[in-house]
Amino acid sequence: MKKILSIIGLTLAIAGFLYSSFHIFGTTAKFIEQHNLKSNVKKLTADKNKKTEELTVLTKKNAEIKGQYEQLKADKKIKTVYLTFDDGPSPHTDQILDILKKNNIKATFFVIGIGKNYNDYKKIIDHGHVLGLHTYSHEYKEVYANEESFFKDLYKIRDAVKSTTGLDVKITRFPGGSSNAIASKALKTAIINRMTKEGYVYFDWNCDSTDASGNNVPVEKLVKYGVCTTHSDINVLMHDTHAKKTTVQALQQIIDGYKKAGYTFETLDVNSPKIQHVKQPELK
Ligand SMILES: [Zn+2]
């Protein structure tokens, strides 16, 4: 009996020992784990602080450079031209891309959707140029029927461009420009307000090559009107359509005109100078 009791006692003692060992081991492991986590958090916090400091320095530097750039622009030492091509892509797109490539300059294409090969959007992007949305149908009656109709058309070209390029394009150009006489003032205001709310920026032009005044406008006329040196920021309106053969023929001379006048060529983005016939309220 005594023997049995001592065996039970021994078993209990061993069990107790094992239990407390596991407990101590578990607590210790937890402690180590917590300690590791703490030191990891500390290290990450230090890293984050360092990166924040670096970012502050870079942001400051960026603002300085931007300020200098703006100053230079203000002094009119930097003159910028934005070449824009509307209504494409077209059978002339390749020729336009070739000329731009030869001159190592980039342009902005305000594309439409109807009757177009969507892969051509990607081709323009692959050449390093920028796409803008010019509505899908470009049919004044349809586009300017009402606000819903306008945005339905705009979203349609947005989705078409996105389907091949993956880009969610935010720059637009109104068919006929923001000063067009087709849409009523009230409709335009409604469209502009909604565009602004949705982050779209529209661009008109302050230099009209006059290639929309008819087909086969003489090259000399296109060059005469397509090269404007009146402002330090110029947005040139041209067209990329099957009928505008002479635009392609005039393009090299137009480019040369700007080069000679000391302009640099840039593409549009939402932060570009807002050359607009009807002013857009500031984006909030
Ligand atoms: Zn157009």
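Values for this structure:
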| item | result |
| --- | --- |
| Degrees, to the nearest 10: 2-74 long Cα axis against longest axis of the chain | 20 degrees |
| Dipole moment magnitude, nearest 20 debye, the chain about Cα centre, only Lys, Arg, Asp, Glu C-beta charged | 1360 debye |
| Sparse-neighbour loop sites [GluC sites (Glu not before Pro); segment 120-193; at most 12 other C-beta within 10 Å; DSSP] | none |
| Heavy-atom accessible area ranking, 1.4 Å probe, most first, across GLU64, GLU220 | GLU220, GLU64 |
| Carbon/sulfur fraction of accessible area - the chain, other protein chains in place, 1.4 Å, % | 60 percent |
| Segment 215-284: proportion of alpha-carbon pairs further apart than 21 angstrom, % | 36 percent |
| Residue among ILE124, THR45, PHE110 farthest towards the positive dipole end of segment 41-136, charges placed on Cβ | THR45 |
| Computed [θ] at 222 nm, helices only, for the chain once each DSSP H run of length n ≥ 4 contributes -39500 (n - 2.57) | -18000 deg cm²/dmol |
| Rounded accessible area of ASP75 (nearest 10 Å², 1.4 Å probe) | 80 Å² |
| For segment 97-238: span of alpha carbons on each principal axis (Å, largest first) | 41, 33, 30 |
| Residue-normalised accessible area of segment 84-128, expressed per residue, 1.4 Å probe, Å² | 43 Å² |
| Over 22 Å [Cα-Cα, the chain], rounded percent | 67 percent |
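The values are calculated or read from the model by the stated rules, or taken from the named source; none is laboratory data. Fair warning: this is a prediction, and the values are worked out from it, not measured in the lab. Note that each Cβ is placed from the backbone with ideal geometry, even for glycine, and that neighbours are counted across all protein chains shown. Side chains are part of the model used for accessible areas, which takes the heavy atoms of the whole protein and leaves out ligands, DNA and RNA. Shrake-Rupley method; radii C 1.70, N 1.55, O 1.52, S 1.80 Å.
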